[in-house]
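The values are calculated or read from the model by the stated rules, or taken from the named source; none is laboratory data. Note that this is a predicted model, so its numbers are computed, not measured. Cβ placement follows ideal geometry from the backbone for every residue including glycine, while neighbour counts extend to all protein chains displayed.
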Amino acid sequence: MISNFSAIDLLSATLSQADFYSHLPQQRRLYEATRAAILQQQLTAGSKLPSSRNLASELGIARNTVIAAFEQLAAEGFVTTIIGSGTFVSATLPVAPSNNRLDNNTTSTKPSDGTSPLSKRGARLTAFAAGARYEIEPFAPGDPDFSTFPFKLWQRLQNRVWRDARPELLDYGQSGGYLPLRRAIAEYLRVSRSVKLSIEQVMITAGTQQSLDLCAQLLADVGDTVWVEDPCYWGARRVFEACDLNLHPIALDTEGLTLNHTDLATEPRLIYVTPSHQYPTGVVMSLARRRQLLDIAAHKNAWILEDDYDSECRYTGRPLASLQGLDSHGRVVYMGTFSKVLYPGIKIGYLVVPSPLIESFKIALYDLQRPGQLMVQAALADFIALGHFTTHIRKIRQTYGARRELLRKTLAAQLGDDVTISGEESGLHLVIELPDYVDDEALARLAAESGIAVKALSNYYLSQPVRRGILVGYAYVAPEKITYFGKLLANVIQAGVRC
Ligand SMILES: Cc1ncc(COP(=O)(O)O)c(C=O)c1O
């Protein structure tokens, strides 16, 4: 069992690493350091943690900060406090629910101390599994309804491609992807998303994750600053962390990013945004904020990475134009994906890069990723060119729109004015906003006990959570399940809000 003295040393050593969540507030850093030490069994079950007074004094931080971090660990079941005796590592660690930030990573490797097979970066990146495990259970946000995908038609299109399998389609993908697919995407983006582009600017990738990775590697150096929305999409965050960028969280309000003097004093190389439907809050960036951001990016020579991941599913009014379409300085790299609109496993996305970047991105795409799947790209090109893509979008808009409405009604019938529902104008999930005093993570855990895989809004924050809420995905949940699980979820929320 580790002594109090060495527990202090351990936490102090972790926190003194310059790159250990350096962008986070002290309380969150201490929480992460202690949690990691527990998960990696450096602090074993039953060990006593140092007193808040000693730890605060050794680390040179406020005692309240230590108490708040311990309280969070206690609420999540990692430690137990016995009044008069102290705080101890729990004998049974919680099995993390599907909340994205801190899923228990059973394969986690000890940190790089000379005995670890991983690099320091590898250990840091795999200390937590940020992604949700495979979830097809109500109401995990993000998944489309795979059953709406026209399998038979797709099979016919694939067969046709395979019947005259051209050798060049069996090779690695060169020149940014299969040209007819790039052409079809360019046409779609020009018409539906007001993106200004030529076909040469379109590159086919293996999805947004890879698009972000290419951008981070090609456009920023280690230690460069990237502005990210706070709360932020965990996938983007993980890529930037993997590239050793310095994440600078920017707060949001109802119009999008709110840049204060401190933010503006930093010099970002990259600015990652989801302006059409902010992930996870669903906020739509206003025109004024879009213009402001474009001007700032031009002024600071920063690249804006526009992630337009689910804009096809807009239920009210006209689809919103892209940020890229407003840009007159050539500072926006636009990216989209077929994960949401077709099915995630297709792993095809696209980048629209400003003209001066075309050649560099082509080289990097080929040399770093060695892309392939041209046969799938060919079938997809036919799918779009023959009008099936537009038909499919229409169909899912109707299906998901009806499910969204049913979920709203089910929740509103029970919750009434207790909560506000937001972010539901488009996408695959909505947010049930909760009063500040409600512990959304605890509510998500409680919901998990009823087989409901919702996620807590506060999990997505890099800094101290400002808003509390529950993300509810409805796209793939059948109507009868929406009614049944919707009522169960409303019960859980009602209990949490009224207690
Ligand atoms: C904000 C955001 N961007 C992109 C994606 C999809 O990325 P990919 O194309 O890598 O599947 C997701 C998936 O959940 C997302 O939430």
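Just name the residue that is nearest to the ligand (Cβ to nearest atom) out of those in segment 175-215 that are under 27 Å from LEU270 (Cβ atoms) and loosely packed, with under 14 Cβ neighbours inside 10 Å. Checking each candidate, the answer is SER175. Scanning segment 275-309 for residues that are away from the ligand (no atom under 16 Å from the Cβ) and of a type in the set (Phe, Trp, Tyr) turns up just one, TRP303.
With respect to the conditions (1) away from the ligand (no atom under 16 Å from the Cβ); (2) within 21 Å of the chain's Cα centre (by Cα); (3) surrounded by 19 or more Cβ atoms within 10 Å (Cβ to Cβ); (4) charged (D, E, K, R), ASP224 falls short on a single one, namely (3).
Counting just the residues of segment 369-384 that are modelled with pLDDT under 95 and surrounded by fewer than 19 Cβ atoms within 10 Å (Cβ to Cβ), which one comes out nearest to GLN155 (Cα to Cα)? Among those residues, the one meeting the criterion is GLY372.
Of everything in segment 466-496 that is in a helix (DSSP H, G or I) and β-branched (Val, Ile, Thr), the residue that is nearest to PRO249 (Cα to Cα) is ILE493. Just so you know, in segment 227-242 the residues that are in a strand (DSSP E or B) and within 13 Å of the ligand (Cβ to nearest atom) include one that is nearest to GLY142 (Cα to Cα), and it is GLU229. Listed by first and then second residue, the pairs linking a residue in segment 183-208 that is closer than 13 Å to LEU320 by Cα and among the charged types (D, E, K, R) to a residue that is part of a loop (DSSP other than H, G, I, E, B) and within 16 Å of the ligand (Cβ to nearest atom), with Cβ atoms under 7 Å apart and 6 or more places separating them unless they lie on different chains, are ARG193/ASP308; ARG193/SER311; ARG193/SER322.
Cβ-Cβ contacts under 9 Å between residues 6 or more apart (or on different chains), taken from a first residue in segment 331-347 that is without any contact (Cβ under 8 Å) to a residue 12 or more places away in the chain to a second residue that is in a loop (DSSP other than H, G, I, E, B) and near the ligand (Cβ under 8 Å from one of its atoms), are listed as GLY345/SER339.
Scanning segment 1-47 for residues that are of a type in the set (Val, Ile, Thr) and under 20 Å from ALA68 (Cα atoms), we see that the one that is modelled with the highest pLDDT is THR34.
Taking the criterion of being touching a Ser or Thr at 6+ places or on another chain (Cβ under 6 Å) and assigned to a loop (DSSP other than H, G, I, E, B), the residues of segment 243-266 that qualify are GLU255, THR266.
Okay, residues lined up against (1) charged (D, E, K, R); (2) without any contact (Cβ under 8 Å) to a residue 40 or more places away in the chain:
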site: TYR21; (1), (2): no, yes
site: GLN26; (1), (2): no, yes
site: ARG29; (1), (2): yes, yes
site: ILE38; (1), (2): no, no
site: GLN42; (1), (2): no, no
site: PRO50; (1), (2): no, no
site: SER57; (1), (2): no, yes
site: ASN64; (1), (2): no, yes
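Counting only strands (runs of 3 or more DSSP E) that fall entirely inside segment 284-363 and contain at least 3 residues that are modelled with pLDDT of 95 or more, within 20 Å of ASP143 (Cα to Cα) and touching an Asp or Glu at 6+ places or on another chain (Cβ under 9 Å), the qualifying elements are 332-337.
Looking at segment 423-445, can you tell me whether even one residue there is over 30 Å from ILE250 (Cβ atoms), of a type in the set (A, V, I, L, M) and touching a residue at least 12 places away in the same chain (Cβ under 8 Å)? No, because not a single residue in segment 423-445 is over 30 Å from ILE250 (Cβ atoms), of a type in the set (A, V, I, L, M) and touching a residue at least 12 places away in the same chain (Cβ under 8 Å). For the criterion of being in a strand (DSSP E or B), closer than 19 Å to ARG193 by Cβ and within 13 Å of the ligand (Cβ to nearest atom), TYR272 passes. May I ask you to list the residues in segment 26-55 that are surrounded by fewer than 19 Cβ atoms within 10 Å (Cβ to Cβ), of a type outside the set (D, E, K, R), over 29 Å from the mean Cα position of the chain (by Cα) and part of a helix (DSSP H, G or I)? If the condition is that a residue be surrounded by fewer than 19 Cβ atoms within 10 Å (Cβ to Cβ), of a type outside the set (D, E, K, R), over 29 Å from the mean Cα position of the chain (by Cα) and part of a helix (DSSP H, G or I), then ASN54 is the only one that fits.
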